[in-house]
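Asks: First the structure, which I've put down as structure tokens, then a few questions once you've had a look.
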């Protein structure tokens with residue numbers, strides 16, 4: 001039994017590496033999707049940093065750039081939802097996934113390889129985002145351990161969102177439909193505390209924003225990078241994810257992965273992407 005398990009694990013690792021390599025080569029030869037998904041957070045960083053950075057007043061005189069940059073880093077990491085969805089939908093529509101199903105490889109390897117490659121690409125893509133953040137005046141004020149934990153949390157968010165995106169891309173099965181659905185995901189950012197604190201929102205909207213998983217990651221990034229403003233995200237009456245953002249982020253990741261990993265694998269294992 002131990003030998004069989006070891007062999008299965010080795011096969012999964014080999015297949016995952018092959019699928020991750022395919023995805024990395026795909027980005028290298030056709031970097032359009034990567035450039036597009038990077039351009040939006042970079043544009044928002046510059047826009048909010050220079051246009052709104054010195055005009056938006058936060059309680060206690062806190063610097064708006066200090067507040068918003070970690071949130072934008074988190075929303076960029078959440079872009080795995082879009083890249084995963086568009087990539088899976090394109091492969092499903094073109095019959096690539098059907099051909100993969102005929103190969104003697106683990107059914108988990110295809111989505112896992114895509115998610116792993118997306119994490120590696122994001123690790124590189126965060127560098128220019130952080131550089132622009134420094135250009136607009138943001139600084140990492142925490143120690144190296146906390147900062148490393150912050151970046152690790154962002155990559156965990158990317159990994160989680162990539163699995164969700166892969167499943168949704170398999171469900172829609174068409175590039176056009178995936179593109180339309182991807183444009184709607186911007187609402188997840190707007191309904192989070194990425195741009196403005198939830199405490200100032202109307203009473204009915206504040207709980208929605210505070211229980212948005214992305215808000216927990218935004219707040220956790222601020223805390224781990226030393227950018228948290230006391231009494232802002234954790235203002236009186238704040239929901240539990242706002243007062244325990246790191247634990248909430250890890251919890252949301254565990255729940256979402258527990259739901260979408262088996263859903264994505266099961267969907268992929270079907271004989272047709274549209275069944």
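Taken together, the values in this text are just the output of simple stated rules run on the coordinates, not laboratory data. Here the structure is a predicted model, which means the values were calculated and not measured. Every residue, glycine among them, receives a Cβ derived from its backbone with ideal geometry; neighbour counts consider all protein chains shown.
Asks: Express the relative contact order of the chain as a whole percentage, based on alpha carbon pairs under 8 Å and six or more residues apart in sequence.
Replies: Value for the chain: 27 percent.
Asks: Separation between the residue 134 and residue 24 pseudo-spin-labels, each 7 Å from Cα along Cα→Cβ, expressed in nm?
Replies: Result for the modelled spin labels: 2.5 nm.
Asks: Quick one: helix 32-46 against the long Cα principal axis of the chain, what's the angle to the nearest 10°, folded into 0 to 90?
Replies: 10 degrees
Asks: While we're looking at this one, here's another question. May I ask for log10 I(q)/I(0) of the range 79-201 at q = 0.18, 0.20, 0.22 Å⁻¹, from a Debye sum over the Cα atoms as equal point scatterers with solvent left out?
Replies: Values returned for q = 0.18, 0.20, 0.22 Å⁻¹ are -1.04, -1.16, -1.27.
Asks: Run the helix sum for the chain: -39,500 (n - 2.57) per DSSP H stretch of 4+ residues, divided by residue count, reported at 222 nm to the nearest 500 deg cm²/dmol.
Replies: Taken over the chain, the calculation gives -23000 deg cm²/dmol.
Asks: Another question about this same structure. Using the count of nearby Cβ atoms within 10 Å as a rough guide to exposure, how do 99, 26 rank from fewest to most?
Replies: In order of increasing Cβ crowding within 10 Å: 99, 26.
Asks: Another question, if that's okay. First obtain the Kirkwood hydrodynamic radius of the chain from its Cα pairs, then insert it into the Stokes-Einstein equation at 10 °C and 1.306 mPa s, and state the resulting D in µm² per second as a whole number.
Replies: 82 µm²/s
Asks: I need two numbers for the range 140-275: Rg to one decimal and Dmax as a whole number, Cα atoms only, in Å.
Replies: Rg then Dmax for the range 140-275, in Å: 16.8, 53.
Asks: Another one. Between 0 and 90 degrees, rounded to the nearest ten: what's the tilt of helix 64-77 against the longest Cα principal axis of the chain?
Replies: 10 degrees
Asks: How far, in degrees from 0 to 90, does helix 213-224 lean away from the longest principal axis of the Cα atoms of the chain, to the nearest 10?
Replies: 60 degrees
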